[in-house]
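Colleague: First, the structure itself, so that you have it in front of you.
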Amino acid sequence: MKIYLDNCCFNRPFDDQSQIKIRLESEAKLYIQAAIYSNEIELAWSYILDYENYCNPFEERKNSIKKWRDLATTDIEESGWIIQQAQVIMNLGVKSKDALHVACAIASKCDYFLTTDERLIKKLKNFQEIVVINPLQFISLKEE
């Protein structure tokens with residue numbers, strides 16, 4: 001099984017943990033990390049993750065996230081196909097960076113695209129190319 005975590009998913013453990021939803025999503029992301037470390041799940045990486053992480057103003061977060069690149073089994077670079085696929089996804093009302101993340105996940109043949117962005121999940125609820133879910137939903141599916 002191969003997954004793609006977007007930037008907000010990688011940053012979730014650094015968010016304010018006083019909200020239960022954020023805390024649960026953080027725990028779910030940590031559980032998923034452990035599965036990646038133990039090679040139960042493959043992680044895909046992309047140039048857009050590199051770009052967004054590079055723009056992160058918080059050095060601790062940036063360095064922590066950067067380490068995940070080395071654990072990825074796939075590293076997707078920009079291509080004409082990705083740009084075209086991102087445009088199709090943007091036509092569904094998705095922002096450009098999010099569309100690029102999803103296109104990279106599709107290009108790397110991921111089974112799941114994980115995000116904590118509820119608006120993105122709603123916009124891609126019926127998207128046929130890849131399953132877009134949050135970390136908690138993913139754990140539920142994985143445990144079945």
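The values are calculated or read from the model by the stated rules, or taken from the named source; none is laboratory data. Predicted model only: the values in this text are computed from it and were never measured. Positions of Cβ are backbone-derived with ideal geometry, glycine not excepted, and every protein chain shown enters the neighbour counts.
Colleague: Which of the residues belonging to segment 59-87 are among the aliphatic types (A, V, I, L, M) and either in contact with a His (Cβ under 7 Å, 6 or more places away or on another chain) or surrounded by 16 or more Cβ atoms within 10 Å (Cβ to Cβ) (or both)?
Modeller: Matches in segment 59-87: Ile65, Ala72, Ile76, Ile82, Ala86.
Colleague: Go through segment 8-62 and give me each residue that's small (Gly, Ala, Ser) and in contact with a Pro (Cβ under 6 Å, 6 or more places away or on another chain).
Modeller: Ser26, Ala28
Colleague: Can you pull out the residues in segment 65-94 that are in contact with a helix residue (DSSP H, G or I) (Cβ under 9 Å, 6 or more places away or on another chain) and among the basic types (Lys, Arg)?
Modeller: Lys66, Arg69
Colleague: Between residues in segment 22-35 that are free of Cβ contacts under 8 Å to residues at least 40 places away in the same chain and residues that are crowded, with 21+ Cβ neighbours inside 10 Å, which pairs lie under 6 Å by C-beta distance while being six or more apart or on different chains?
Modeller: Short answer, once both residue conditions are applied: Ser26/Arg12.
Conditions tested, residue by residue: (1) surrounded by fewer than 18 Cβ atoms within 10 Å (Cβ to Cβ); (2) closer than 17 Å to Ser108 by Cβ; (3) modelled with pLDDT under 95.
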site: Asp15; (1), (2), (3): yes, no, yes
site: Ile20; (1), (2), (3): yes, no, no
site: Ser26; (1), (2), (3): no, no, no
site: Ser38; (1), (2), (3): yes, no, no
site: Glu42; (1), (2), (3): no, yes, no
site: Tyr47; (1), (2), (3): yes, yes, no
site: Tyr54; (1), (2), (3): yes, no, no
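Colleague: Right, next: Looking at Ile121, Ile130, Ile76, can you tell me which residue is touching a residue at least 12 places away in the same chain (Cβ under 8 Å), more than 14 Å from Lys2 (Cα to Cα) and within 16 Å of the chain's Cα centre (by Cα)?
Modeller: Just a single option satisfies the conditions, and that option is Ile121.
Colleague: For segment 94-129, give me the residue count where each residue is part of a loop (DSSP other than H, G, I, E, B), in contact with a strand residue (DSSP E or B) (Cβ under 8 Å, 6 or more places away or on another chain) and either at pLDDT below 95 or surrounded by fewer than 19 Cβ atoms within 10 Å (Cβ to Cβ) (or both).
Modeller: Summing the residues that are part of a loop (DSSP other than H, G, I, E, B), in contact with a strand residue (DSSP E or B) (Cβ under 8 Å, 6 or more places away or on another chain) and either at pLDDT below 95 or surrounded by fewer than 19 Cβ atoms within 10 Å (Cβ to Cβ) (or both) in segment 94-129 gives 3.
Colleague: Suppose we filter segment 1-54 for residues that are part of a helix (DSSP H, G or I) and hydroxyl-bearing (Ser, Thr, Tyr); how many remain?
Modeller: 6
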